[in-house]
Amino acid sequence: MKKIYTFLVSAATLIAGSCTGDLNQMPVIGNTSDAVYSSLSGYSSVLAKVYASYSIIGAERGGGSPDISSINSQDMLRTLFNMQEFPTDEAAYKYNSGDNLTDISHINWNSNDIWVSDTYYRLYYIISLSNEFLRYCTEDYISRFDDATRSEIRTYALEARFMRALTYSYVLDLFGKGPYVNENTPMTAYIPEAYDGTKLYEFIISEIDDIAPELPDTPSYARAGKGAAWALGARVALNGEVYTGQSHASEAIEYCKKVMSLGYSLEPVYTHLFNADNDKRTNEIIFSFATDNANSATWGSATYIIAGSCPADGEIAAQYGIGTGWGSFTARGEFTSLFDDNDRRFLFKTENQTQYFTGNMDNADMGYWSCKWSNMTDSGEPGCPTDIGVTTDFPIFRLAEIYLTAAEAVLRGGSGMSRSEALDLVNKVRERAFGDTSGNITDAQLNLSFMIDERGRELYHELHRRSDLVRFGLFTTSSYIWQWKGGVIDGRAVDSRYNIYPIPMTEISANPNLKNELY
């Protein structure tokens, strides 16, 4: 039986108007907060809610009773997938106009875009929920409990701080800045300070360094431990120059080495990382968001990727372990051309499909369908009944990313690891991809151009591509063009302001500390 989050309580409904107002509100948890926080089980329930707020949108199965009012009513992971994948070469969305994703797909959004707005407010909802939890974790408040309970609550508080740091990292990466609030922020009559990229970066890193030593080496499944905190540090530090203007490559290497010291190993079968039994891959998966069809069914999270990347064909849907394929997105041809022959990570359905587009993105016959993710178990059976959702978890950090991050950081001038060590890490990833050493590269081939392609091959559809292209200077420039980039079939460069998303205009109007200089 898959270990999942369970809920004894439900979080409040926050209205996504001004985030200034949202951040000043305390989520109401069931009865009164004092009643909820009167027992360890109450604390456990709220912490579970903090974790699950990435995967589900409400207290009811399938998304009923949403926690936050939003325009598109979709979960956090689904909105993040839209932001990170659809503007890139990794995905071509088929229902752009109907789902208001044309501007995202064409890299032509503005500060009134509804997907950008939903993403922003859902991120700050999770930050608000984390802060509310931490207000009840002070030493004064938990002094009523016995020693064992206090110790457990202190660990819960570390996990909530990790979740808050993770969420702030998405704010930093997507928006480049944002209002800063914590558990000590006044609850009323307060306008949050705007943190720029450097301040947000420093806060996230300081949180990681403070909590990681106290987190467990081997946490319970789908809960944060040392590895998750250090993996977050590695990811944020690798992008540090984008955020702060200064290289943090050496720090990225240091975090990667700390993760590797914990004894993780690559899962031998790549596809097992993305199937219905992927909760068993704790050898490689460092941290994931758990999903279970019976208890936390969702139309988002991995459901969105599996059903969305499956053609609207009943026979093919059965191969994905689902009842119906949505036919939502294929890959663009430039991306699928990155794979070498015999690379087992090339998991695309090509039959009756053209690799490149000769017309609009909405044509279902153009672009290859991905079959990297599935709801099938190791034994080849559907992971669950398919009325709502799947039972495939969503990995956020895994060892292969750490290997590639360390190698890239070396190429960016970081200290603490040699080129030969970096090459060895890359080739370990390649050996799994090819099944032997035939795909190994030489030192002469190890360069940044290779690394951006290799990250694409290894990490596609895992919320990395936009961030990676920005870091490599390829997202908006003419250095890399893909079909329909910029809204034209042959692709074109776009304004560099699109390297970040704009803070929603409703928030700018409500908080005079915030500005969208580029928009």
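The values are calculated or read from the model by the stated rules, or taken from the named source; none is laboratory data. Keep in mind that what you see is a predicted model, and the values were worked out from it rather than measured. Positions of Cβ are generated from backbone atoms using ideal geometry, with glycine treated the same way; all protein chains shown enter the neighbour counts. Just the protein is used for accessible areas: all its heavy atoms, side chains included, with ligands, DNA and RNA removed. Shrake-Rupley method; radii C 1.70, N 1.55, O 1.52, S 1.80 Å.
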(Q) How big is segment 187-335 along each principal axis, measuring the range of its Cα positions in Å and listing the largest first? (A) 51, 42, 41
Q. Rounded to the nearest 500, what is the chain's calculated 222 nm mean residue ellipticity when only DSSP H runs of at least 4 contribute -39500 (n - 2.57) each, over all residues?
A. -12000 deg cm²/dmol
Q) Based on the alpha-carbon gyration tensor of segment 113-248 and its eigenvalue square roots a ≥ b ≥ c, which shape applies: rounded if a/c is under 1.5, prolate if not and a/b is larger than b/c, or oblate? A) oblate
Q) In whole Hz, what ³J(HN,Hα) sequence does segment 113-123 give by Karplus (6.51, -1.76, 1.60; θ = phi - 60°), x for Gly and Pro? A) 5, 6, 6, 4, 4, 4, 4, 4, 6, 6, 4
Q.
Can you give me the C-alpha center-to-center distance between segment 151-192 and segment 230-288, rounded to a whole angstrom?
A. 21 Å
Q | Per residue solvent-accessible surface (Å²) - segment 441-488, probe of 1.4 Å | A | 28 Å²
Q.
Using a Cα-Cα cut-off of under 19 Å, which lysines could be cross-linked to Lys258, ignoring same-chain neighbours fewer than 8 residues away?
A. Lys226, Lys428
**Q.** Surface share of carbon and sulfur [accessible, 1.4 angstrom probe, percent] for the chain
**A.** 48 percent
Q. Over segment 289-446, with a single point scatterer placed on each C-alpha, what log10 of the ratio I(q)/I(0) does the Debye formula yield at q = 0.11, 0.18, 0.20 1/Å?
A. -0.58, -1.12, -1.19
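Among rounded, prolate and oblate, which fits segment 365-519 when a ≥ b ≥ c are the square roots of the eigenvalues of its C-alpha gyration tensor, a/c under 1.5 means rounded, and a/b larger than b/c means prolate?
Values: a/c = 1.73, a/b = 1.17, b/c = 1.47.
The shape class here is oblate.
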Q. How much length is gained on full extension from Ser449 to Asp209, taking 0.36 nm per residue of separation minus their Cα-Cα distance?
A. 83.3 nm
**Q.** Long-range Cα-Cα pairs in segment 445-511 (distance over 21 Å), rounded percent
**A.** 37 percent
Q: Enumerate the residues in segment 363-382 having an amide nitrogen under 18 Å from the point lying 7 Å beyond the Cα of Glu315 toward its Cβ.
A: 365, 369
Q: For a label point 7 Å from the Cα of Thr350 along Cα→C-beta, name the residues of segment 418-446 whose backbone N is under 19 Å from it.
A: 433-435, 439
Q) Just how many % of Cα pairs in the chain lie over 42 Å apart, if you round to the nearest whole percent? A) 13 percent
Q) When the label point is put 7 Å from the Cα of Asn100 along its Cα-to-beta-carbon vector, which residues of segment 496-519 have a backbone N closer than 19 Å? A) 501-510
Q. How far apart, in nm, are two points set 7 Å out from the Cα along the Cα-to-Cβ line at Thr477 and at Ala35?
A. 5.9 nm
Q. By average Cβ neighbour count within 10 Å, what is the ranking of 95-107, 42-54 from highest down?
A. 42-54, 95-107
(Q) Need the full-extension length gain, Phe145 to Val488, defined as separation in residues times 0.36 nm minus the C-alpha distance. One decimal, nm. (A) 117.2 nm
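Under a 1.4 angstrom probe, counting protein chains only, how are His272, His461 ranked by accessible area, largest first?
His272, His461
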Q) Taking H as built 1.01 Å from N, whose amide H comes closer than 5 Å to the amide H of Ala312, not counting residues under 5 places away? A) Gly327
Q) When only C-alpha pairs under 8 Å and at least 6 residues apart count, what is the relative contact order of the chain, in percent? A) 20 percent
Q) Considering amide H positions built from the backbone, and no H for Pro or chain starts, which residues 5 or more places from Ile396, or on another chain, come under 5 Å of its amide H? A) Phe287, Ser288, Phe289
Q) Short version: what are the Cα gyration tensor semi-axes of segment 82-167, square root of 5 times each eigenvalue, largest first, in whole Å? A) 42, 12, 8
